[in-house]
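Below is one structure, written out as structure tokens; the observations come after it.
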Amino acid sequence: MAGIDAKLPAIETWPNQFPDYEIEITNPEFTSVCPKTALPDFGIITVRYVPDKLCLELKSFKMYMLAYRGLGIFQENIVNCMLRDIVKACKPECATVTGDFTPRGGLESRMTATYSRSAGSKKSSRRAG
């Protein structure tokens, strides 16, 4: 439903060399398609994670993000699917994905999904305004 089961390119990884640091990846030109209107959605995607044994390989992650360009998917599903796929790929200590989307119809929306290995859970939040 609404893009959550779409087949996307694999996110590759490489061995982490250092402990206890955070990586931040920002895509200021993220695009996808609204599944209701088929109009493009634009936004900034920010990924923050603390790697354990593996780091995300940036070229493959870029190709993964580009695959959303023609995908009909709700903004809420974007951040949750990305978090799911990042956790699956690199099994980080913790990770957060934030989608800060361009206003549509006067509404700005920002979604954040968070994972913490210590809590063994995923949390999501949404802000519209």
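Every number in this text was worked out from the coordinates using simple rules, so none of it is lab data. As the structure is a computational prediction, the values presented were derived from the model and not from experiment. Note that each Cβ is placed from the backbone with ideal geometry, even for glycine, and that neighbours are counted across all protein chains shown.
How many nm is it between the label spots at S116 and R84, if each spot is 7 Å from the Cα in line with the beta carbon?
With each label point 7 Å from Cα toward Cβ, the separation is 2.3 nm.
What per residue convex hull volume, in Å³, do the alpha-carbon atoms of the stretch 1-116 yield?
Values: hull volume 10.4 nm³, N = 116.
Considering the Cα atoms of the stretch 1-116, their hull volume per residue is 90 Å³.
Given a Förster distance of 25 angstrom, what is the FRET efficiency for R104 paired with I23, based on the Cβ-Cβ distance and rounded to 0.05? Numbers along the way, then the final one.
Details: r = 30 Å, r/R0 = 1.21.
With R0 = 25 Å, the Cβ-Cβ based efficiency is 0.25.
Would you mind checking the tilt of helix 75-90 against the longest principal axis of the Cα atoms of the chain, expressed as 0 to 90 degrees and rounded to 10?
The helix 75-90 is inclined about 20 degrees to the chain.
Along each principal axis of its Cα atoms, how long is the stretch 64-106 end to end? Whole angstroms, biggest number first, please.
Principal axes ranked by extent give 38, 20, 13 Å for the Cα atoms.
Excluding C34 itself, calculate the net charge of residues whose Cβ lies under 14 Å from the Cβ of C34, where each Lys or Arg counts +1 and each Asp or Glu counts -1.
Details: positive: K36, R69, R104; negative: D41, E76.
Summing Lys and Arg as +1 and Asp and Glu as -1 gives +1.
Quick one: plug the Kirkwood hydrodynamic radius of the stretch 26-86 (C-alpha pairs) into Stokes-Einstein at 37 °C, 0.692 mPa s, and report D in µm²/s. Please report the intermediate quantities before stating the final value.
On the way: Rh = 12.3 Å.
The Stokes-Einstein estimate is 267 µm²/s.
Have a look at the DSSP beta bridges in the chain and tell me what percent are antiparallel, nearest 5. Each step should come with its number before you reach the end.
Details: 37 of 38 bridges.
Antiparallel: roughly 95 percent of the beta bridges in the chain.
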